[in-house]
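J.: Once you've had a glance at the structure underneath, I'll fire off some questions.
The values are calculated or read from the model by the stated rules, or taken from the named source; none is laboratory data. The structure presented is a predicted model; accordingly, all values stated were derived computationally and were not measured. Here the Cβ positions follow ideal geometry from the backbone for every residue, glycine too, while neighbour counts run over all protein chains shown.
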Amino acid sequence: MLKPMFLGVCLSAVCFHINAQDNTAVIIKDITLIDGSGGAARSHVSLLIKDDTIAAILPAGTNYPTKGAEEINGSGKTIMPLMVDAHSHLGLLKGTEISAQNFTPDNVTRQLNQYLSYGVGTVLSLGTDQPTGFFMRDASRAGMMGGASFYTAGYGFGAPRGTPPVAFGPSILRPVNADQALEEIRTLAGLKPDFIKIWVDGSPKLLPEIYRVIIAEAHLHNIKVAAHVYYLEDAHQLVDAGVDVLAHSIRDQEVDDALIKAMKQKNVYYIPTLCIEDFGLSYGLISPGWFTDPFFMRSLEPGVWDMLNSDDYRKKQAEDKDKARKIQAFAIAKKNFQKMDSAGVKIAMGTDSGAQPVRAQGFSEHRELQLMAELGIPVLKVISYATHGGAALLGIDAETGTLQPGKKADFMVLDADPQLDIRATTNISSIWKNGKQIQ
């Protein structure tokens with residue numbers, strides 16, 4: 001189960017080669033630049049791109065060092081980095097169904113392209129991939145696939161008869177003891193996943209003696225570990241065990257100072273995934289304001305719009321006996337995110353998009369930004385969590401995640417300035433990846 005299978009299809013069926021303009025320089029003139037660092041935006045600057053790289057950021061109107069460069073008028077436009085989703089799931093969702101059978105080259109490629117069309121340049125698929133995922137990951141990183149860059153945690157670890165659901169596939173590893181966990185993590189590490197994923201909450205839970213072995217062995221192979229978490233008590237034990245990322249909000253109670261202190265000391269990242277609580281409460285008798293926005297509607301899988309509008313679905317949402325707990329959990333999640341942010345805990349954006357039909361790939365990332373901003377987090381800081389934060393978590397911040405000379409020209413051009421309204425991130429004029437305009 002742990003050996004990646006050879007993908008017996010012609011590359012041309014699932015990949016494409018981006019036809020680069022040979023040694024062509026491009027200048028996008030007179031823009032507002034949000035570089036993703038969290039620092040102040042720069043107005044009336046021009047972005048010089050050579051090949052796949054940002055060559056310079058210059059005051060608008062200066063003499064450009066490259067003759068014959070293509071010039072694009074960017075007046076009135078805002079440029080920000082492509083986003084990084086540090087908690088997503090590829091190839092599970094198709095239509096209204098979640099199934100491991102959906103993990104096909106065509107479906108994964110389609111989803112990578114959708115992410116990119118929404119301004120998400122990199123995704124970490126967190127623990128639900130199938131054996132062919134390693135092949136596709138390598139093809140993506142070699143520039144042989146379109147869409148967002150694909151990072152994978154391979155096969156995650158869950159408790160026997162526990163989370164995640166069986167529908168997530170047979171590749172999920174469910175060790176019954178520490179010895180089995182050690183054998184399986186060593187085999188998985190040999191496939192060189194970009195991360196390791198463990199599911200700790202649920203019933204029954206993954207036992208501490210098992211996840212401690214997984215974390216320790218992963219670190220021996222220089223691989224970070226992210227944990228699906230819900231409860232404060234579990235978060236304390238996981239941080240003590242050396243986990244690198246809490247991949248969901250803590251939602252049962254407010255975090256305490258001891259946890260925050262430990263997370264800062266150990267450089268543990270926090271991924272709030274606020275949008276999953278929002279989606280869980282939004283589809284009821286009263287629809288959210290963005291429900292009929294074409295930007296949202298286009299992101300949905302076929303059949304999901306009809307499902308959300310069906311009488312059966314709306315009735316189920318309205319009569320949900322667990323609704324009070326969900327409302328409270330969402331309130332706690334928002335409070336804990338504010339506390340983590342205020343304390344300076346490292347934060348990366350993640351959405352759990354692709355794990356359920358209501359968590360649309362592409363739209364979820366923009367909704368996550370909106371939810372962060374609605375809590376009073378400054379817009380430039382929110383954008384840095386969605387760009388630099390995820391790149392730093394993945395260890396790729398030397399090449400992407402911020403827009404600086406020498407880094408990849410991976411960015412989106414917006415028709416409006418998100419500093420004035422975070423919803424402007426949905427007003428996408430064009431997408432650029434590796435220095436080429438994709439759309």
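J.: Tally time: how many residues in the range 387-396 are without any contact (Cβ under 8 Å) to a residue 24 or more places away in the chain and buried (at least 24 other Cβ atoms within 10 Å of the Cβ)?
T.: So the count comes out to 0.
J.: Could I ask something else about it? Before we move on, is residue 77 closer than 22 Å to residue 33 by Cα, more than 18 Å from the chain's Cα centre (by Cα), outside the structural domain of residue 272 (by TED's automatic domain parsing) and among the charged types (D, E, K, R)?
T.: Answer is yes for this residue.
J.: Right, something else. Just to be sure, is residue 344 exposed (fewer than 13 other Cβ atoms within 10 Å of the Cβ) and touching a residue at least 40 places away in the same chain (Cβ under 8 Å)?
T.: So residue 344 fits the description; yes.
J.: Let me ask another. Being in contact with a Phe, Trp or Tyr (Cβ under 9 Å, 6 or more places away or on another chain) and closer than 13 Å to residue 83 by Cβ is true for just one of 340, 349. Which residue is that?
T.: The conditions single out 349.
J.: Further question: Can residue 313 be described as touching a strand residue (DSSP E or B) at 6+ places or on another chain (Cβ under 7 Å) and of a type in the set (Ser, Thr, Tyr)?
T.: No: the conditions fail for residue 313.
J.: Listed residues 182, 173; which is assigned by TED's automatic domain parsing to the domain that holds residue 91 and either closer than 17 Å to residue 88 by Cα or surrounded by fewer than 18 Cβ atoms within 10 Å (Cβ to Cβ) (or both)?
T.: Every option except 182 fails the conditions.
J.: Which residue is surrounded by the fewest Cβ atoms within 10 Å (Cβ to Cβ), if the candidates are limited to the range 397-439 and must be in contact (Cβ under 8 Å) with a residue 60 or more places away in the chain and basic (Lys, Arg)?
T.: 436
J.: Turning to a different aspect of this structure: Look through 123, 84 and report the one residue that is closer than 28 Å to residue 384 by Cα, crowded, with 18+ Cβ neighbours inside 10 Å and free of Cβ contacts under 8 Å to residues at least 60 places away in the same chain.
T.: 123
J.: Determine if the range 129-142 includes at least one residue that is within 20 Å of residue 369 (Cα to Cα) and outside any strand (DSSP E or B).
T.: no
J.: Turning to a different aspect of this structure: Which one of the conditions (1) touching a strand residue (DSSP E or B) at 6+ places or on another chain (Cβ under 6 Å); (2) surrounded by fewer than 20 Cβ atoms within 10 Å (Cβ to Cβ); (3) assigned to a loop (DSSP other than H, G, I, E, B) does residue 356 fail to meet, given that it meets all the rest?
T.: (1)
J.: Sticking with this structure for a sec: Which residue out of 313, 230 is farther than 26 Å from residue 348 by Cα and either among the hydroxyl-bearing types (Ser, Thr, Tyr) or part of a helix (DSSP H, G or I) (or both)?
T.: Being farther than 26 Å from residue 348 by Cα and either among the hydroxyl-bearing types (Ser, Thr, Tyr) or part of a helix (DSSP H, G or I) (or both) holds for just one of 313, 230, which is 313.
J.: A further question on this structure: Working only within the range 54-80, note down all residues that are surrounded by fewer than 16 Cβ atoms within 10 Å (Cβ to Cβ) and of a type in the set (S, T, N, Q).
T.: 62, 63, 66, 73, 75
J.: Please work out if residue 77 is of a type in the set (Lys, Arg) and closer than 20 Å to residue 414 by Cα.
T.: In short, yes.
J.: Could I ask something else about it? Of everything in the range 299-354, what is of a type in the set (Lys, Arg) and under 24 Å from residue 374 (Cα atoms)? Give them in sequence order.
T.: Result: 323, 325, 326, 334, 335, 339, 346.
J.: Just need a number here: residues in the range 317-331 that are at pLDDT 90 or above, assigned to a helix (DSSP H, G or I) and either farther than 14 Å from residue 279 by Cα or more than 25 Å from the chain's Cα centre (by Cα) (or both).
T.: 4
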